[in-house]
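Step one of this worksheet: look at the structure below.
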Amino acid sequence: MANAPLIGLYGPDDALAWEADGPRSVGEFLSHVADLADALPDCPSVLNLFSSRYEFLVGFAAAIVRGQVTLLPQSRAPQTLRRIAAENGDCYALTDRDESIEGLASVTLPLRRSRPSRSVPVPQIPLHQLVAVAFTSGSTGQPTPNRKTWGALVSVALATGSRFGLKAGGRRTVVATVPHQHMFGLEASVMLPIQHGLAMHAGRPLFPEDVRTALEDVGGTTVLVTTPLHLRACVMAGVKLPSIEMIVSATSPLPRELAREAEERFHAPVNEIFGFAEAGSVASRRTVVTDEWQMLDGVCLAGEDPSWSVEAAYLSRPVRFPDRIAVTGQGRFRVLGRAEDEINIAGHRASLGDLTQKLLEVDGVQDGAFFLPETGHPLTRLTAVVVAPGKTREDIQRALRWSIDPAFLPRPLLLVPRLPRNETGKLPREALRRLMEEHSEQESPHGL
Amino acid sequence: MSSQPLEREVATLIVQTLKLKVDPSTIQPEAALFGDGLGLDSIDALELSLAIAQTYGYQIKSSDPEIKAMFSSLRALARAIEKNRTK
């Protein structure tokens with residue numbers, strides 16, 4: 001049976017992570033993993049909600065060593081966590097010290113972790129071992145599980161690193177603004193550094209000043225793993241970001257103009273990754289050079305127009321592209337557009353059908369729909385039109401906050417007497433657009 | 001408590017930046033901006049920080065000791081801007 005080591009090659013004194021109070025060596029990491037693995041309850045699966053990227057990695061690795069599967073929920077909404085926990089039977093949560101999830105046993109890491117008392121060898125993990133399940137919003141309203149084997153995560157990390165020419169050592173650190181519980185975050189900010197012998201920054205900088213401080217704190221050269229949203233903020237804020245070797249962006253399309261500005265300002269190439277939860281990262285491009293995506297090594301395009309799939313040795317079967325694509329050459333493609341129903345707000349993907357389903361489950365809602373107005377602005381939020389006599393917008397927003405990720409909360413939420421459904425019961429986009437226009441004309445600004 | 005001129009100014013900045021459908025004068029100085037109040041989230045915090053940097057020359061960062069308090073209400077945010085503004 002083939003195995004792959006938990007981590008790549010590190011020198012004896014290399015840092016594997018930077019926490020707020022300083023570096024963690026490989027020896028400390030392996031001993032933290034072994035200690036936690038000994039303390040974990042006997043359960044097949046675990047919700048890893050640690051907010052520190054390093055603690056998340058320790059929890060992820062300890063679960064793997066114990067043969068447990070880490071569940072990655074698509075949002076932290078209480079209802080989502082409870083539903084995923086309930087559907088995965090025997091399950092517990094790894095939580096920060098001041099946090100707990102109602103109805104779930106919770107394990108925290110000790111505040112003062114002991115110095116390594118023993119030398120722990122690097123664990124060898126079977127390639128076919130199921131290590132993570134990333135959930136995405138399905139069109140039926142049920143979270144859809146995407147199962148990840150150790151082999152899949154290692155293959156993607158190695159193929160991504162080789163595409164970008166990442167080399168081990170040299171005091172390189174990955175600093176990331178993306179959440180590590182997100183599929184791209186797990187791949188690019190956790191698996192990528194540990195498979196290449198690089199360090200990772202444990203934090204998750206949000207504001208441009210946070211990003212600058214994080215880069216300064218870790219020193220050496222850095223790879224910044226981020227999203228178009230955070231990158232735009234750094235460019236607009238005009239911060240000076242020190243010693244970036246490369247910027248890696250994903251989760252939503254990066255405008256070429258923004259990529260150009262970022263390359264000039266931060267003196268580093270901006271590479272973009274194309275991926276989706278079902279297959280993981282599959283292709284990359286340097287946005288200022290081309291709009292064509294090049295598949296990662298070991299990943300192939302299969303099928304024919306208009307239905308294309310991704311094939312790889314680590315995928316149990318071909319996976320359909322969520323977008324419409326045009327294949328332009330050997331392993332190269334352009335994205336033509338999103339599948340109709342799928343939306344992406346700040347890197348959070350969901351289907352409009354799923355969100356609408358959640359809206360219709362709200363007490364007092366008789367009819368309603370979510371849609372994404374076409375404004376061309378990168379930060380366009382969803383709009384919801386709702387028929388709910390006797391209910392206020394606050395009532396509905398409050399209920400939605402409980403069941404969906406905050407990124408999808410409708411802004412605005414319009415209360416209307418009825419929806420402009422056509423004779424087949426469908427909601428034509430044009431009718432929704434007109435309804436919205438009429439509504440914003442009539443509405444007084446006091447109408448919150 | 002009556003609201004200060006800077007609070008009104010910041011209320012307008014919030015509404016314009018985040019394209020909220022609210023009259024800025026109806027935002028209560030002590031009411032929550034995030035979570036249950038206006039329902040803002042971390043994407044909004046990022047957007048808002050850019051507008052504040054451009055208007056007042058204040059670069060917000062998570063390590064600011066008053067960061068949690070700052071985003072708790074309009075009044076707290078206006079106070080933090082007053083203290084840290086460079087223009």
(request) Filter region A:163-186 down to the residues that are surrounded by 24 or more Cβ atoms within 10 Å (Cβ to Cβ) and part of a helix (DSSP H, G or I), then identify the one that is nearest to the other protein chains (Cβ to nearest Cβ). (result) A:Gly185
(request) Output the residues belonging to region A:267-300 that are touching a residue at least 40 places away in the same chain (Cβ under 8 Å) and outside any strand (DSSP E or B). (result) A:Ala268, A:Ala277, A:Glu278, A:Ala279, A:Asp291, A:Glu292, A:Leu296, A:Asp297, A:Gly298
(request) Show the residue pairs that are 6+ apart or on different chains and have beta-carbon atoms under 8 Å apart, the first residue being within region A:78-98 and free of Cβ contacts under 8 Å to residues at least 24 places away in the same chain and surrounded by fewer than 20 Cβ atoms within 10 Å (Cβ to Cβ), the second being of a type in the set (Asp, Glu) and outside any helix (DSSP H, G or I). (result) A:Arg82/A:Glu102
(message) Residues that are at pLDDT 95 or above and touching a Ser or Thr at 6+ places or on another chain (Cβ under 8 Å), at least 2 per element: which helices (runs of 4 or more DSSP H) completely within region A:1-108 meet that?
(response) A:53-65
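Out of all the residues in region A:386-395, which are buried (at least 18 other Cβ atoms within 10 Å of the Cβ) and more than 11 Å from chain B (Cβ to nearest Cβ)? Walk me through it before giving the result.
From region A:386-395, those buried (at least 18 other Cβ atoms within 10 Å of the Cβ) are A:386, A:388, A:393; that's our starting set.
A:Val386, A:Ala388 - these are the residues of region A:386-395 that are buried (at least 18 other Cβ atoms within 10 Å of the Cβ) and more than 11 Å from chain B (Cβ to nearest Cβ).
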(request) Scan (1) touching a Ser or Thr at 6+ places or on another chain (Cβ under 6 Å); (2) crowded, with 19+ Cβ neighbours inside 10 Å for the single condition A:Gly303 breaks and write down its number. (result) (2)
(request) Among residues belonging to region A:187-242 that are closer than 17 Å to A:Ile7 by Cβ, part of a helix (DSSP H, G or I) and small (Gly, Ala, Ser), point out the one that is farthest from the other protein chains (Cβ to nearest Cβ). (result) A:Ala188
(request) Take region A:243-257 and flag every residue that is outside any strand (DSSP E or B) and more than 14 Å from chain B (Cβ to nearest Cβ). (result) A:Ser243, A:Ala250, A:Pro253, A:Leu254, A:Pro255, A:Arg256, A:Glu257
(message) Every residue in region A:17-55 that is surrounded by 19 or more Cβ atoms within 10 Å (Cβ to Cβ), closer than 19 Å to A:Val122 by Cα and among the hydroxyl-bearing types (Ser, Thr, Tyr), please.
(response) A:Ser31, A:Tyr54
(request) Residue by residue through region B:48-68, note down the ones that are surrounded by fewer than 17 Cβ atoms within 10 Å (Cβ to Cβ) and within 10 Å of B:Thr17 (Cβ to Cβ). (result) B:Ala51, B:Gln54, B:Thr55
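The values are calculated or read from the model by the stated rules, or taken from the named source; none is laboratory data. Because the structure is predicted, anything quoted here is derived from the model rather than measured. Glycine also receives a Cβ, built like all others from the backbone with ideal geometry; neighbour counts cover every protein chain displayed.
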